Amino acid sequence: MKPHASLMAHLIPLTLMALFLGGCGGGDDRDGRIVLRMNTDSIGSLLEISRELATEFEAETGIAVEFVIGPDSATDRLVEYQRFLGARSSNIDIYMIDVTWPGVLASHFMDLTDHINTGDFFPAMIENNTVNDRLVAVPYYSDAPMLYYREDLLEAAGFDAPPSTWTELETMATA
């Protein structure tokens, strides 16, 4: 299973619902098909991953996705979003927001509570994106760094269990 399979399972019905409710600015812009405009940035591999997802989404729905490359600076992007949303602009249909912005932008977004299986996400992610009992965003991706250790090296350094505190980690790593 691809890491984004859960996102695709949610994105298709949400997009169709948004189009039905008239919540998107997407229109017949390409070969008579609906086109959604999604904001993204060009940092790292995110744009490449977004393009792959868009190809899969278009194949499943017939809805095309165009990317609006936003500023790389988070501050500049937030200002741009506030300007677009405040003007009810149709320049962007899908906003990629920072984890710190739901409270700032919540009034512009629909409540997704009844349309998302929140069990597909870490509870903290849902809590973070819920403002005044309204789920206003879902994760596009998440970073979940992990720390691995080798038992043989741990034993060679004289330890019989992995660290359980940051202090133990520092001591063991130094050894």
Residues of the range 35-85: accessible area per residue with a 1.4 Å probe, Å²: 49
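Accessible area of the range 103-175 with a 1.4 Å probe: how many percent of it is carbon plus sulfur?
Numbers: 2990 of 5590 Å².
Of the solvent-accessible surface of the range 103-175, carbon and sulfur hold 53 percent.
Per residue, what accessible area does the range 97-153 have, given a 1.4 Å probe and all protein chains present, in Å²? Don't jump to the answer; show the numbers that get you there.
Working: 4110 Å² over 57 residues.
On a per-residue basis, the range 97-153 sits at 72 Å².
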Listed by chain and number, the residues whose amide H is under 5 Å from that of Glu66, excluding neighbours fewer than 5 places away on the same chain and using placed H, are Leu36, Arg37, Met38
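As a test of reading the structure, rank Asp76, Asp93 by solvent-accessible area (1.4 Å probe, protein chains only), most first.
Listed by decreasing accessible area, they come as Asp76, Asp93.
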For Leu135, what residues show an amide H to amide H distance below 5 Å, using hydrogens built from the backbone and excluding near sequence neighbours? Leu112, Thr113
Each residue of the range 105-118 in turn: what ³J(HN,Hα) in whole Hz from Karplus with 6.51, -1.76, 1.60 and θ = phi - 60°, glycine and Pro shown as x? 9, 3, 5, 8, 10, 6, 7, 9, 3, 7, 10, 10, 7, 5
Could you go through the range 146-153 in sequence order and give the Karplus-derived ³J(HN,Hα) for each residue, using 6.51 cos²θ - 1.76 cosθ + 1.60 with θ = phi - 60°, rounded to whole Hz, and x for Gly and Pro? 10, 10, 10, 9, 9, 4, 5, 6
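The values are calculated or read from the model by the stated rules, or taken from the named source; none is laboratory data. Since this is a predicted model, take the numbers as computed values, not measurements. Accessible surface is based on the protein model in full, side chains and every heavy atom, while ligands, DNA and RNA are left aside. Shrake-Rupley method; radii C 1.70, N 1.55, O 1.52, S 1.80 Å.
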